[in-house]
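What follows is one structure encoded as structure tokens, with my remarks underneath.
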């Protein structure tokens, strides 16, 4: 077969790739160089004006970015710890193992927006059952959604509840695929369960853990629905994340050009920071 | 002969007298929504619409989610379809997305919807994409009854772009059973040395709300609170802030702008009047129900309408909801104009003018228009005309969750409200409040300029930061004013000035 003919077979896939991946990014970059908004509905060219505005006159975006970093790192760490513990639990031969495996996956299978509405009802400070329950125990009502600090932890609770099962699923799959020999060797050497975990299970699970953490970090860094439904970024701007802020600029205030600038900048930052995080995790967790 | 004449006269009289009732029976049997009035004859009545034939045509509508405006839109769409044979597709969209959902196709030159619902302050951004309301409809009897304020809200430079279906303003709602209770009046006097009465200033409002906060004053076994207010950022809270600011900042001696100085286009929102209002509002976070700082409009309606608070101020919905027969506080509420202030900021002299000042806020309401690119304009306008016909309107305004509020002169008659079960004195206080607002010469109208969303969002974010304790009121409003300057520079001062002048003319009673 002529070598050139091979490329003909690549074209359909290439077109799809260009259509769904490359074109939207190029379009976003072009849009970010325009002043498209409600009163100038056109793809004009304003150079890097939007970028100058972002880097010199938009502290709210950077605040939302650092807030997002805190929320996503905290939630993913908690999800990893809890997910690992749950996976370890049902990895063992315990009663009702299958039942627990299914139960632990339920939160992930629910619709995030619907579940967040339910959580918001739980945490409603005057009408919700959580404060009612605490009141019964003599605890004063907690401002779950209206205290700037506590509201962040409320978002974390909901996110951890919703997405720990995903971490659990990946880690359980990893545990089930581990070779048996190292564990047998450790048992023959009389290693305690703790030493077995530290010196056998955890190192063997490191590559899978890094993958799971990175996947969850990518997802967690896009956190939007939980914030939108639970707090709308409030009180004040206390729980506003980057994606929520970009949504406000783009679809609430209709600053399409500027929202594209924010989106593209955010994309670049995320690619760089996730690459660094992956490298650091590999260095820390995988011993040569 | 005389007997025959008498009989014929009696027969004709009987026909004249009973014919409307016959129509009413005919249509209200089929459409129980209008059972209280039956069909009311008019150009867009049930009878008139039944003569139209839109079979084979489809009308596409984008409206708000259910309830509020989404519910009456869907109901009247169903009725319209039955009467005319048209197919009506109704799409429900959350309030925050109504603007973008219409604006994206508008800007792309498409018309996926024939009719778009939104808020009246969208008018400046939307009008270039909307078909002006045809003369035929503007001159109809039902339109002639719309108050001049609401004709102004629906129009731009004398051209009507939005079909009036709702009339909105903010006013005070209070628990009449508490404020008029002699025992509480005595108790309040002993505790504070002041009279317990309908508050006429925001300071009085705050004092009373603080006193009646956090204890069971209606004996239902639950704690009640001082006030329910829309404090949630991005959920119309800027409108609540403007309501609180009007008394301190709308000075009848200084015409020429409430939000900006029309001459210089300098933002006024960080002047001492607005700062005083925001300081009051920050104090209000202490007397709202737990979590009240996150209350959106729905929460406010539910809270006051459910009997949880002494006061509330916003649109009519909470009041009408409270007055519905199934409400726990039915006929226990009163309406009054927004509180005022004992001083008002004078931006010309840079000092406070002492003396009572009050300014009603004609906050934007639901608005609806027909897309210029729609292929079914006639059917679309017929639908809107039918939506707002006399029979539908009278039924709609009595249902709190519909979000349809008075905007016609006839709505300010006590009988309209007593017919649906309101006590006469409450109905009187309600219509008096609305009428006084219409007659006021010191009104504030919503900001309707290019970039309205950006201005309001900047203000809301700043105010929300102050409410959450992230910034002081002065620092928050300085931040908002700086952002308003930036927006002005982006949009162009002259563009904004030109549009703002239209609203200022209304505020200064020149239109």
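Quick note: the coordinates plus some simple rules give every number you see, no bench work behind them. Model, not experiment: these values are computed from the prediction. For neighbour counting, all protein chains shown are included, and Cβ atoms are generated from backbone atoms with ideal geometry for every residue, glycine included.
Structure notes:
- Note on the stretch B:389-440: Cα Rg divided by 2.2 N^0.38 Å, N the number of residues, gives 1.08.
- Note: relative contact order over chain B, using C-alpha pairs below 8 Å and six or more positions apart, is 21 percent.
- Here, the stretch B:199-333 is characterised by an Rg to Rh ratio of 1.03, where Rg is the alpha-carbon radius of gyration and Rh the Kirkwood radius.
- Within a Gaussian network of chain A (alpha carbon springs, distance under 10 Å), most fluctuating of A:264, A:244, A:194: A:194
- Peptide B:463-470 has a mean shielding of 5, counted as Cβ atoms of other protein chains within 10 Å of each residue's Cβ.
- Whole-Å distance, taken between Cα centres, linking the stretch B:152-211 and the stretch B:436-463: 19
- Packing here is the average count of other Cβ atoms within 10 Å per residue, and on that basis the peptides B:129-139, B:98-108, B:420-430, B:296-306, highest first, run B:296-306, B:98-108, B:420-430, B:129-139.
- Orientation-averaged projection of the stretch B:229-303 equals 5.4 nm² [convex hull of Cα atoms, one quarter of hull surface area].
- The protection proxy used here, the mean number of other Cβ atoms lying within 10 Å of each residue, ranks peptides A:9-17, A:268-276, A:230-238, B:477-485 as follows, highest first: A:230-238, B:477-485, A:268-276, A:9-17.
- Shielding by partners, peptide B:452-460 (average Cβ within 10 angstrom, other chains): 3
- Shielding score for B:231-240, defined as the mean number of other chain Cβ atoms within 10 Å: 3
- Normalising the Debye intensity of the protein assembly as shown to I(0), with uniform scatterers on Cα atoms only, and taking log10 at q = 0.07 Å⁻¹ returns -0.62.
- Relative packing of A:25-34, A:95-104, B:145-154, which averages over residues the other C-beta atoms within 10 Å, highest first: B:145-154, A:25-34, A:95-104
- Note on the stretch A:179-280: Cα Rg divided by 2.2 N^0.38 Å, N the number of residues, gives 1.67.
- For the stretch B:139-186, the fraction of alpha-carbon pairs in successive 5 Å shells from zero, as %: 5, 16, 21, 12, 7, 7, 8, 8, 9, 6, 3
- Per-residue [θ]222 nm for the protein assembly as shown (sum of -39500 (n - 2.57) over DSSP H runs n ≥ 4, rounded to 500): -17000 deg cm²/dmol
- Relative contact order [Cα under 8 Å, 6+ residues apart], the stretch A:163-272, whole percent: 17
- 20 Å reach of a label modelled at residue B:436, 7 Å along Cα-to-Cβ, counting backbone N of the stretch B:186-211: B:195-209
- Calculated Rg and Dmax of chain B using C-alpha coordinates, Å: 23.9, 90
- Here the stretch B:281-389 yields Rg over Rh of 1.12, to two decimals, using C-alpha coordinates and the Kirkwood radius.
- Tail fraction, Cα-Cα pairs, the stretch A:58-285, threshold 26 Å, whole percent: 48
- Relative contact order %, chain A, counting alpha carbon pairs below 8 Å whose residues are six or more apart: 29
- Alpha carbon Rg of the stretch A:101-198, scaled by the compact-globule rule 2.2 N^0.38 Å: 1.60
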